[in-house]
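Peer 1: After the structure tokens below, expect a handful of questions from me.
The values are calculated or read from the model by the stated rules, or taken from the named source; none is laboratory data. Just so we're clear, the structure is a prediction, and the values are computed from it rather than from any experiment. Don't worry about glycine lacking a Cβ; one is built from the backbone with ideal geometry, like all the others, and counts go over all protein chains shown. Please note that ligands, DNA and RNA were not included when accessible areas were found on the heavy atoms of the full protein model with its side chains. Shrake-Rupley method; radii C 1.70, N 1.55, O 1.52, S 1.80 Å.
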Amino acid sequence: RERVRAMFYHAYEHYLESAFPYDELRPLTCDGQDTWGSFSLTLIDALDTLLILGNVSEFQRVVNVLQEGVDFDIDVNASVFETNIRVVGGLLSAHLLSKKAGVEVEAGWPCSGPLLRMAEEAARKLLPAFQTPTGMPYGTVNLLHGVNPGETPVTCTAGIGTFIVEFATLSHLTGDPVFEDVARKALKALWKNRSDIGLVGNHIDVITAKWVAQDAGIGAGVDSYFEYLVKGAILLQDEELMSMFLEYNKAIKNYTKFDDWYLWVQMYKGTVSMPVFQSLEAYWPGLQSLIGDVDNAMRTFLNYYTVWKQFGGLPEFYNIPQGYTVDKREGYPLRPELIESAMYLYRATRDPTLLELGRDAVESIEKISKVDCGFASIKDLRDHRLDNRMESFFLAETVKYLYLLFDPDNFIHNDGSFFDVVVTPYGECVLNAGGYVFNTEAHPIDPAALHCCRKRKEEQWEVEDLLREFYSLKKTKKFTLKRASDHGEVESAKGPEDTCPEKAGEKRNSKKSSHSLLSCPSQSFNSKLAVLGQVFLDNT
């Protein structure tokens, strides 16, 4: 654990010294470059890792730096997928962890806050990409101008189906359903366009819904779609998403699984198209563990671990029949997926083999990849040549999962035995009780937070109006009910007993409202007031 901590700071401090405010560190030349936009991406991606390592002072400093320095109103073409998982996901996670990190949060948190507003602003910049006939998004959007006129309509499956975790969280926290709605529509469009044998391909035309690349598997281009069906189901307690994944899981086992390896097949026929293992597929055992399929997960994990031991890392592509790397795919950019699976499986089994993988990963990365200015991607695992790049996911994911593997008492692993109670405009809610759902960039989302801000803004205003009138009633013994509707109509009555006559009810129901009206109380207001389940007594 302490070696992993030292790895983090060696990389992080050199990013700050040599690369900030650029997106990424170039460790061989000790400088920086913008890659996925111009967001100081490594800083956003590393933020929640700082807290997991216990560094609250640096977390607080970075929160201030990001508020002052990050601007999404820029003329930059950005990946919709990468901006969502790294920027929106990183900001949401940091927002929800702010109080735990000792940040002085504003009134109404977690339903409001500067990092939440930044996450919402970034996500709104992505919404134009979803304006297609199918609801499946373009892969790239200009943050200032929207989708470029000549933008290709071909997007990978993962680039369509990897939004529900971040976008549903945003909708639940802000009260704006548009984010969850577009994410669900995209998920369902992929489901609708699966093949007759239950598989999805790799790339699809988002205008015509025609599959352009018809290779089906669990790896690059598809991976996080399956991951988000499971994690979305857990986060939202959504049976439909889980049943979709379980149907896919059957087809994947039937057509792509051979001897605990997963191959690539033609999506309509099920015939093998590529007998390769991709390093990105190594998330799969961790995902299997989340649905309780631990035995199969361990068998597949051990296959993948043999590849790691062969090379000291996972090559991007590995030819299974030949037992060797694939030409031009020999690199290892310090990806986290095998370590991620080890962390999940260790939580499930406590099998010491998983700690051995963690130790091997630490030693490989330190021996092969460590340079004076950080850690460099490995260009070729056969001769250990390096590449001048340190991707932001190294600090967001690889180091984080390694640390969590070796830190069984971390707050992330909380089993519900301790928690915080916070008061929001909607009542009390429980946070930090555990059960965190990691997005595909390893940003933990507290599922309990989604229940803190459940009422729409209109209902919040209605509650506030009622409370305001209630307290003025106590002073004046008169009552005026203001409806929080768009047309601003005001209804008044001389006393509480006059607020519920049948005629007034008929008048109220004759006009359609954009929100649900609170039902009239059975007891007079000067005795008791119940608002959305909360009871306020006259003497409090």
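Peer 1: For region 310-449, what is the accessible area per residue in Å² when the probe is 1.4 Å?
Peer 2: Solvent-accessible surface per residue comes out at 37 Å².
Peer 1: Further question: State the Kirkwood hydrodynamic radius of region 225-341 in Å, one decimal place, computed from all pairs of distinct Cα atoms.
Peer 2: Result for region 225-341 stands at 15.0 Å.
Peer 1: Hey, another quick one. What list of whole percents do you get for P(r) of region 1-147, with Cα-Cα distances grouped in 5 Å bins up to the one holding the largest distance?
Peer 2: Computed distribution, short to long bins: 2, 9, 18, 20, 19, 15, 10, 5, 2, 0, 0.
Peer 1: Okay, moving on. Of the heavy-atom accessible surface of region 344-399 (probe 1.4 angstrom), what whole percent is carbon and sulfur? Walk me through the numbers on the way to the answer.
Peer 2: Details: 910 of 2260 Å².
After summing per-atom areas, the C and S share lands at 40 percent.
Peer 1: Which value, in Å², gives the accessible area per residue of region 2-155 when a 1.4 Å probe is used on the protein heavy atoms?
Peer 2: Heavy-atom accessible area per residue stands at 37 Å².
Peer 1: Sticking with this structure for a sec: Can you give me the % of accessible surface on region 149-270 that is carbon or sulfur? Probe 1.4 Å, all protein chains present, nothing else counted.
Peer 2: 51
Peer 1: State the percent of C-alpha pairs, over all pairs in region 156-196, separated by a distance greater than 14 angstrom.
Peer 2: In whole percent, the share of Cα-Cα pairs in region 156-196 beyond 14 Å is 44.
Peer 1: Now for a separate question. Going by a ≥ b ≥ c, the root eigenvalues of the Cα gyration tensor, does region 46-103 fall in the rounded group (a/c under 1.5), the prolate group (a/b larger than b/c) or the oblate group?
Peer 2: Details: a/c = 2.75, a/b = 1.77, b/c = 1.55.
Since a/c reaches 1.5 and a/b is larger than b/c, the shape of region 46-103 is classed as prolate.
Peer 1: What whole-number volume per residue, in cubic angstrom, does the convex hull of the C-alpha atoms of region 100-228 give?
Peer 2: Details: hull volume 15.6 nm³, N = 129.
Enclosed volume per residue, from the Cα hull, is 121 Å³.
Peer 1: In whole Å, what is the distance between the alpha-carbon centres of region 415-432 and region 18-88?
Peer 2: Cα centroid to Cα centroid, the span is 29 Å.
Peer 1: Rounded to whole Å, give me the distance from the Cα center of region 231-254 to that of region 132-177.
Peer 2: Cα centroid of region 231-254 versus Cα centroid of region 132-177: 21 Å apart.
Peer 1: Still on this structure, please answer the following. Structure shown: which of Lys370/Lys400; Lys231/Lys309; Lys99/Lys400; Lys185/Lys231; Lys210/Lys269; Lys192/Lys253 lie over 22 Å apart, alpha-carbon to alpha-carbon?
Peer 2: Lys231/Lys309
Peer 1: In whole Å, largest first, what are the principal axis extents of the Cα atoms in region 284-370?
Peer 2: Result for region 284-370: principal-axis Cα extents of 36, 30, 16 Å.
Peer 1: Here's something else I'd like to know. Give me the log10 of I(q) over I(0) for region 277-321 at q = 0.18, 0.23, 0.24, 0.26 Å⁻¹, as the Debye formula computes it from C-alpha points; what are the numbers?
Peer 2: Log-scaled intensity ratios, in q order: -0.51, -0.77, -0.82, -0.91.
Peer 1: Net charge near Val62: determine it from the other residues with C-beta under 14 Å of the C-beta of Val62, scoring Lys and Arg +1 and Asp and Glu -1.
Peer 2: Combined, the nearby Lys, Arg, Asp and Glu give -4.
Peer 1: Additional query: Please give me the summed charge of the neighbours of Pro137: other residues whose Cβ is under 11 Å from its Cβ, Lys and Arg +1, Asp and Glu -1.
Peer 2: Net charge in that neighbourhood comes out at 0.
Peer 1: Another one. Going by average Cβ neighbours within 10 Å, how do the peptides 60-68, 292-300, 230-238 rank, with the highest at the top? Walk me through the intermediate numbers first.
Peer 2: On the way: 60-68: 15.2, 292-300: 16.8, 230-238: 19.9.
Peptide ranking by packing, descending: 230-238, 292-300, 60-68.
Peer 1: Summing +1 for each Lys or Arg and -1 for each Asp or Glu, what net charge is found among the other residues whose Cβ lies under 13 Å from the Cβ of Glu363?
Peer 2: Residues near Glu363 contribute +2 overall.
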